[in-house]
Amino acid sequence: MTDEMKTDANAGVNSEVNSEVDTRKNIQNPVVHLVFGLQGAGKSTHAKHLATQIGGISFSIDAWMQELFGPDLSVPLDLAWIMQRVRRCEQRIWKTTVAVTAQGVSVVLDLGCMKRADRARIQSLATQASLTLQSHFVNADASTRRQRVLARNIERGETFAFEVTPAMFSLMETQFEAPDDLELARANVLIT
């Protein structure tokens, strides 16, 4: 066993992480991890944990949206206005992802990806860039998710980017398209 392999074993690195490093040649094989699910399911928490675990970088759409467009958010919410800016952020995040993975570093994307088409688009981009994509579906029951969002609004902890009002929560609940059987078969599924 090489010193690198001993270090990995001693660190308790799981097989998902080991698959990203070819220890025989010391070549990084960066992976793009796509974390998706409903709000309050634990996506951002999982993304941050995963990035730390694999020595990668996490990009969260919530943080980008809040910093770039939060001050301009209208009341009542204009979903078309929001989604236009989400797409702009996703485009910039993807370009940055390609640059980071070119340096041998894995990336964790916390983009929400509420629609199947959004997730398929990310898969297509990864394929076009010759990158491995691993999906992670994070889920919890609606009551738990709602409680988490309300608590996050009050606590404003590590994963807080902006306040999610009850109206925002209800609106986003209607936007999510659950993964189909094929998508679930390809994803790591985490029930929180």
Answer residue from the stretch 110-132, given it is on the phi > 0 side of the Ramachandran plot and not in a strand (DSSP E or B) and is modelled with the lowest pLDDT among those = Cys113
In the stretch 55-90, which residues are of a type in the set (Asp, Glu) and under 23 Å from Thr132 (Cβ atoms)?
-> Glu90
Would you be able to tell me the number of residues in the stretch 96-109 that are of a type outside the set (Ser, Thr, Tyr) and assigned to a loop (DSSP other than H, G, I, E, B)?
-> 3
Only one of (1) more than 13 Å from the chain's Cα centre (by Cα); (2) part of a helix (DSSP H, G or I); (3) farther than 25 Å from Glu173 by Cβ; (4) in contact (Cβ under 8 Å) with a residue 60 or more places away in the chain fails for Gly70. Which number is that?
-> (3)
Flagged in the stretch 114-142 as surrounded by fewer than 16 Cβ atoms within 10 Å (Cβ to Cβ), small (Gly, Ala, Ser) and touching a Phe, Trp or Tyr at 6+ places or on another chain (Cβ under 9 Å), in numbering order, are Ala129
Conditions (1) modelled with pLDDT of 80 or more; (2) assigned to a helix (DSSP H, G or I); (3) over 23 Å from Thr132 (Cβ atoms): number failed by Ile93 | (3)
Can you tell me which residues in the stretch 73-90 are of a type in the set (Asp, Glu) and not in a helix (DSSP H, G or I)?
-> Asp78
Six or more apart or on different chains, Cβ under 8 Å: which pairs go from a residue in the stretch 124-152 that's under 19 Å from Leu184 (Cβ atoms) to one that's hydroxyl-bearing (Ser, Thr, Tyr)? Could you list them?
-> Ala126/Thr132; Leu133/Thr127; Val138/Thr192; Asn139/Thr192; Ala140/Thr192
Evaluate the following for Gly42: is it at pLDDT 85 or above, in contact with a strand residue (DSSP E or B) (Cβ under 6 Å, 6 or more places away or on another chain) and under 15 Å from Thr132 (Cα atoms)?
-> no
Scanning for something modelled with pLDDT of 95 or more and either touching a Lys or Arg at 6+ places or on another chain (Cβ under 6 Å) or at positive phi (or both), does the stretch 174-192 turn up at least one residue?
-> no
Among (1) among the small types (Gly, Ala, Ser); (2) under 14 Å from the mean Cα position of the chain (by Cα); (3) in a helix (DSSP H, G or I), Ser135 falls short only on (3)
From the list Ala41, Ala102, Ala51, pick out the single residue that is under 21 Å from Ala126 (Cα atoms), of a type in the set (A, V, I, L, M) and surrounded by 17 or more Cβ atoms within 10 Å (Cβ to Cβ).
-> Ala51
Checked the stretch 90-116 for anything free of Cβ contacts under 8 Å to residues at least 24 places away in the same chain and either under 28 Å from Leu79 (Cβ atoms) or under 15 Å from the mean Cα position of the chain (by Cα) (or both); matches are Gln91, Lys95
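The values are calculated or read from the model by the stated rules, or taken from the named source; none is laboratory data. Computed from a predicted model, the values in this text were never measured in an experiment. In this analysis, Cβ positions are derived from the backbone assuming ideal geometry, glycine residues included, and neighbour counts consider all displayed protein chains.
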